[in-house]
1. Out of 121, 78, 69, which single residue is within 11 Å of residue 34 (Cβ to Cβ) and within 15 Å of the chain's Cα centre (by Cα)?
2. So which of 50, 40 ends up being in contact with a strand residue (DSSP E or B) (Cβ under 7 Å, 6 or more places away or on another chain) and surrounded by 18 or more Cβ atoms within 10 Å (Cβ to Cβ)?
3. Search the stretch 46-63 for residues that are touching a residue at least 60 places away in the same chain (Cβ under 8 Å) and pair each with any residue that is surrounded by 15 or more Cβ atoms within 10 Å (Cβ to Cβ) and among the charged types (D, E, K, R) when their beta-carbon atoms are under 9 Å apart and the residues are at least 6 apart or on different chains.
4. Of all residues being in a loop (DSSP other than H, G, I, E, B) and aliphatic (A, V, I, L, M) in the stretch 86-127, which is modelled with the lowest pLDDT? Just the residue, please.
5. If residue 66 satisfies every condition in (1) at pLDDT 95 or above; (2) open to solvent by 10 Å² or more (accessible area, probe 1.4 Å); (3) at negative phi but one, which is the exception?
6. Which ones in the stretch 22-37 are surrounded by fewer than 17 Cβ atoms within 10 Å (Cβ to Cβ) and in a strand (DSSP E or B)?
7. Can you say whether residue 79 is touching an Asp or Glu at 6+ places or on another chain (Cβ under 7 Å) and at pLDDT 95 or above, as far as the supplied structure shows?
8. Among (1) in a loop (DSSP other than H, G, I, E, B); (2) in contact with a helix residue (DSSP H, G or I) (Cβ under 8 Å, 6 or more places away or on another chain), there is one condition residue 56 misses while meeting the rest; what is its number?
Amino acid sequence: QVQLVESGGGLVQAGGSLRLSCAASGRTFSSYAMGWFRQTPGKEREFVATISRSGGNTYYADSVRGRFTISRDNAKNTVYLQMDSLKPEDTAVYFCAATPAYSSSTYYLGANSYNYWGQGTQVTVSS
């Protein structure tokens, strides 16, 4: 099993920035594709961003493309989500997720594709 721990959430004004981190256990972090999802009360968990195991391929939801950046440091077993130009509608609990990847360039957009999940970190954006 892979254990994931998110950090970096908090309260920020609209237009501000936050950087989320997700630290993973184990020696095989580089074999996993990683994703970020978010969820608000009463709504389905929503895809935000994903990155392939090599870091060479990324994909973003239309709602965050151009504002958010996903990255990873395999030597540190950590994936990041840099969030800029935050909007009130970005308010949610953000979850880090991991899954064994089909290839070095593969990534996954569906929540059901991910085997392992962190506990989530709250991001609140005020107007």
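1. On inspection, the qualifying residue turns out to be 78.
2. That would be 50, the only listed residue that is in contact with a strand residue (DSSP E or B) (Cβ under 7 Å, 6 or more places away or on another chain) and surrounded by 18 or more Cβ atoms within 10 Å (Cβ to Cβ).
3. 47/38
4. It comes out as 101.
5. Exception for residue 66: condition (3).
6. Matches in the stretch 22-37: 23 only.
7. No: the conditions fail for residue 79.
8. Going through the list (1) in a loop (DSSP other than H, G, I, E, B); (2) in contact with a helix residue (DSSP H, G or I) (Cβ under 8 Å, 6 or more places away or on another chain), residue 56 breaks only (2).
The values are calculated or read from the model by the stated rules, or taken from the named source; none is laboratory data. Bear in mind that the values here come from a model prediction, so they are computed numbers and not experimental data. Cβ coordinates were reconstructed from backbone atoms using ideal geometry, including for glycine residues, and neighbour counts include every protein chain displayed. Ligands, DNA and RNA are excluded from the accessible area calculation, which covers all protein heavy atoms including side chains. Shrake-Rupley method; radii C 1.70, N 1.55, O 1.52, S 1.80 Å.
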